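These notes concern the structure reproduced below.
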Amino acid sequence: MGTDSKIGECLYRISSTSITPMDLVPREDIAEKLIELVINGPDPDLPVEISSRLDELASIIRNTDTSSVKVVVFGGGTGLSNIIGGDSRRPSWPLSPFKGLKEIFPETRAITCITDDGGSTGELLKDLPLIALGDIRHVLLSSIQRRFLRQRYGLGRRDALETAKALYKLFNYRFATRPASPQALIDDTEADLSRLPDAMYKGLWDLTEHLFSHSILHEVLDRAQCLGNLILASSIYRFVSGQSDVVSDSATIRGISHVAQLIGADPLAVLPCSTTPARLQVLYSNGVLVTGEHKSAVTKRGYPIERVFVQFARKPDIPAKAIHSIRDADILIFAPGSLYTSIIPVLHVPGIAEAIRENTRALKILVANLWAQEGETDISRDEPARRFYVSDLVAAYSRNIPGGVKDLFHQVLVLGLKDIPGSILQRYAVEDKVPIYLDALRVEAQGLKPVEASIFSEKALREMLVVQHDPQAFSLAIQTLWAARKHIDLAHHDPFILPASGARHEIIVGGTVMCHRYTAIRQRLNALCVPETLWPALMDLFWHHKDILPEHLEFINGIELVDQESWTRSQEWDNILSFFDPADGMIRIRKDVIWRKHPFETSFLVALGESLLGNYAKDKSVVVIEQEGRQIGKIFRLEIRTESKRRCFLSDQELHEYLCLARMNRVTKDSPFYTRLINGMEGFTPPGLLFGLMYAWYLDNRLTGHIEYKMSIMKSAISDLIPEQVKILKMRKAMIDFFRKVVFRLDDPGYMA
């Protein structure tokens, strides 16, 4: 009798009485009950006859043959690595490296996100025109399997564990200063490479040595790096023709596959969603669009994320093997992870979402995140005042994925929070960590089947008081849904499918490869008069703020540091300790701020913003208005240079548009004169300084509190009863649009489609 028939017969016998043994299993839904039974077994206090029946059912499900079931998992980083084979960066991983999905479903493949730009990955991208390799390295190590170590190297259980331990140290080793030699680098990892099979050792040694001998690769050793990322980069460059820095689709896939085969994983265990370098861009509900995955994670804008985009360096290449894997898959899983930086960027690659929808045979499961993530899922877009729920996750996917969520996934697997002690949740709340709660009725109204299960690690909860997905429990839950899929209801009937956003999802192409932009900025700085002490801070600043264009540096000749006692600028109306001097093109910064990161960042960015206006002002003056000997106001008067005599980032029309947004009034059409009436003793931010403040605020709203205060009206409920509020709100939005489109050149129609 086949597994299918045995499950059906057991369910029939167990369900044939008015009060069935299944009623004694926790949870309400049959799918949830089966998962509970398989993970935790029957209640030990149940009568033996009932317990044995439930044990029999659980045993049949656990023994279901899944060796040929093809699984594809989408995601990035920790969440993906953890469910496939455990988080391979944790010190405890080498103790049980062969657990997780790959143990129960050995035909498991991962399709990873490629837009990470932080940490060691970011350091690598400063020099090489590659996709992000950090997530690939992370998941690749989690994907090693005992069967491949046995087949390729003849390793037994103990030797396989020792090999995993050595690979863990090797791939996760990080260094801050340039290693003296390949041998010194290997020695510093403290990995016992004598425990590796000879062929594996030789292959990894060759790739490490290649880092020192290749004319392009050897430069990356000057930066802080993770050795696992470098091994992947070295492998990719083995398949690059000559000493070229042009990395083909083939070289990337062959390089990753070579390392996978070398360390004991399926050669196609990990595939990038695209082999084209790309950058993540985040559009907030106030209209600000910023570039960079790492930056979006650390900059807290205080507004919900509206949509995310992937800006490709060219028309994206999609690995054919990835598309084939999706089409052939029996199970498709969307791994837990950062909502906007893990799954959504993968599905922005043309062809991937379509391939998922076309596979109508597969079991398709979205795994909900455990915790709200600050800056991403801490504010609901539709109701900013409340916490984030599972239905908000689904709605965000629908809004951001071409075509919405229809036929991408049918079930949502959620951690059962009722199983977590209240004291643990309280402890997390003190740390501002809030769970993403399941609102089952709303999820069902979206046309999806919520499945709640205790898929957390009891060991981690017991030993470290942390709540995280347990690879073993998770894989058993997936095995249960697969084995019993014909006998349990995994679809919500008469679904109301959440409608996709009416916006078009255009492919954003034409972004600069990150290392090329970094080189262009470095070359521009080389041509300027810049104190040597500022170089590290400036290059870090330019890397972090990826929306700064190399062209933004064309209007400055250098940076001069001014002693505090020599600083003559008035601080009556502001505390900006920098300025751009159009007379000589120098940015001047008060010397005492350069040792403090945020004051220096603010000072430099404000002055850099001011420099974009260049020498636009021919003359500026203030006329005091008096009545009966008392000052009642002032008129700020500005004369601009003609376009032919002006060095300015803005065209004539763009400059006029900005001055109008700065509330300057043109005297007559085509006149070079603008005025602004200032009442009483009110303060006034001149157009040049305002431009600099807006420039810094757009890049990071935490840097200029004055502008943040002005923009706070956009968070308020605006009443039509007060026309002035509506007018101010429109002007604030128009100013943001101007900086996004004109100053930072983020004007591709796809952004606002």
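Please treat every number below as a calculation from the coordinates, not as lab data. Please read these numbers as outputs of a predicted model, since none were measured by experiment. Positions of Cβ are generated from backbone atoms using ideal geometry, with glycine treated the same way; all protein chains shown enter the neighbour counts.
Observations
- Measuring r between the beta carbons of T512 and A537 and using R0 = 25 Å, the FRET efficiency lands at 0.65.
- ³J(HN,Hα), Karplus 6.51/-1.76/1.60, whole Hz, each residue of segment 511-519, x for Gly, Pro: x, 6, 4, 4, 5, 5, 5, 4, 5
- Under 5 Å between amide hydrogens, built in the peptide plane, is the criterion, and for K70 it picks out D330, I331 among residues at least 5 positions away or on other chains.
- In nm, spacing of pseudo-spin labels at E551 and K715 (7 Å Cα→C-beta vector): 3.4
- At 0.890 mPa s and 25 °C, Stokes diffusion of segment 541-609 via Kirkwood alpha-carbon radius, µm² per second: 194
- With a cut-off of 11 Å between beta carbons, the residues surrounding V622 carry a summed charge of +4, where Lys and Arg count +1 and Asp and Glu -1.
- Rounded to the nearest 20 debye, the dipole magnitude of segment 574-669 is 80 debye, with +1 charges on Lys and Arg beta carbons, -1 on Asp and Glu beta carbons, and the Cα centre as origin.
- The spacing between segment 394-421 and segment 302-347, judged by their C-alpha centroids, is 15 Å.
- 3J(HN,Hα) from dihedral phi, segment 674-687, Karplus parametrisation 6.51/-1.76/1.60, rounded to Hz, x for glycine, proline: 10, 10, 8, 8, 10, 6, x, 9, 4, x, 8, 9, x, x
- Spin-label model distance (nm) - D192 vs I678, 7 Å beyond Cα toward Cβ: 7.4
- Taking only Cα atoms of segment 265-331, radius of gyration then Dmax in Å: 15.9, 45
- Segment 629-753 - Debye-derived log10 I(q)/I(0), Cα point model, q = 0.09, 0.19, 0.22 Å⁻¹: -0.31, -1.29, -1.47
- Test item: Cα-centred dipole of the chain, Lys/Arg +1 and Asp/Glu -1 on Cβ, debye: 880
- Distant alpha-carbon pairs in segment 3-62 (separation over 16 angstrom), percent: 36
- Only Lys, Arg (+1) and Asp, Glu (-1) charged, at Cβ; segment 3-62 dipole about Cα centre in debye: 180
- Residues H598 and S67, FRET efficiency given R0 of 41 Å [Cβ-Cβ distance, rounded to 0.05]: 0.15
- Relative pair counts by distance (%), Cα atoms of segment 112-236, 5 Å bins: 2, 11, 21, 24, 19, 13, 7, 3, 0
- By the count of neighbouring beta-carbon atoms within 10 Å, fewest first, S644, S181, S88 end up ordered S644, S181, S88.
- The separation of segment 536-579 from segment 681-710, counted between C-alpha centres, amounts to 15 Å.
- Under a 5 Å amide H cut-off, with hydrogens placed 1.01 Å from N, R307 pairs with L283 among residues at least 5 apart or on other chains.
- For segment 533-625, applying the loop criterion from DSSP together with a ceiling of 15 other beta carbons within 10 Å to the GluC sites (Glu not before Pro) yields E554, E572.
- Each stretch of four or more DSSP H residues adds -39500 (n - 2.57); spread over every residue of the chain, this sum gives -11500 deg cm²/dmol at 222 nm.
- The loop-placed chymotrypsin sites (Phe, Trp or Tyr not before Pro) in segment 586-677, going by DSSP, that have at most 16 neighbouring Cβ atoms within 10 Å of their Cβ come out as W595.
- A simple spin-label model places the labels of I625 and D43 8.2 nm from each other, with each point 7 Å out along Cα-to-Cβ.
- Normalised Debye scattering of segment 198-353 at q = 0.20 Å⁻¹ gives log10 I(q)/I(0) of -1.32, counting only Cα atoms as equal scatterers and leaving out solvent.
- Using the Cβ-Cβ distance between D584 and K315 with R0 set to 51 Å, the FRET efficiency from 1/(1 + (r/R0)^6) comes to roughly 0.70.
- By DSSP, the beta bridges lying fully in segment 529-752 are antiparallel in about 80 percent of cases.
- Per-residue ³J(HN,Hα) for segment 631-642, Karplus 6.51 cos²θ - 1.76 cosθ + 1.60, θ = phi - 60°, Hz, x for Gly and Pro: 5, 10, x, 9, 10, 8, 10, 10, 10, 9, 6, 5
- Annotation: lysines with alpha-carbon distance below 27 angstrom to K620 (same-chain offsets under eight excluded): K634, K645, K669, K710.
- For the chain, convex hull volume per residue from C-alpha positions, Å³: 199
- Extension gain (nm, one decimal) between R387 and R157, 0.36 nm per residue minus Cα-Cα: 78.1 nm
- Here's how it looks for V270: its modeled amide H is under 5 Å from those of A110, which are all 5 or more places away or on a different chain.
- Computed across segment 529-752, the Kirkwood hydrodynamic radius from all distinct Cα-Cα pairs reaches 18.9 Å.
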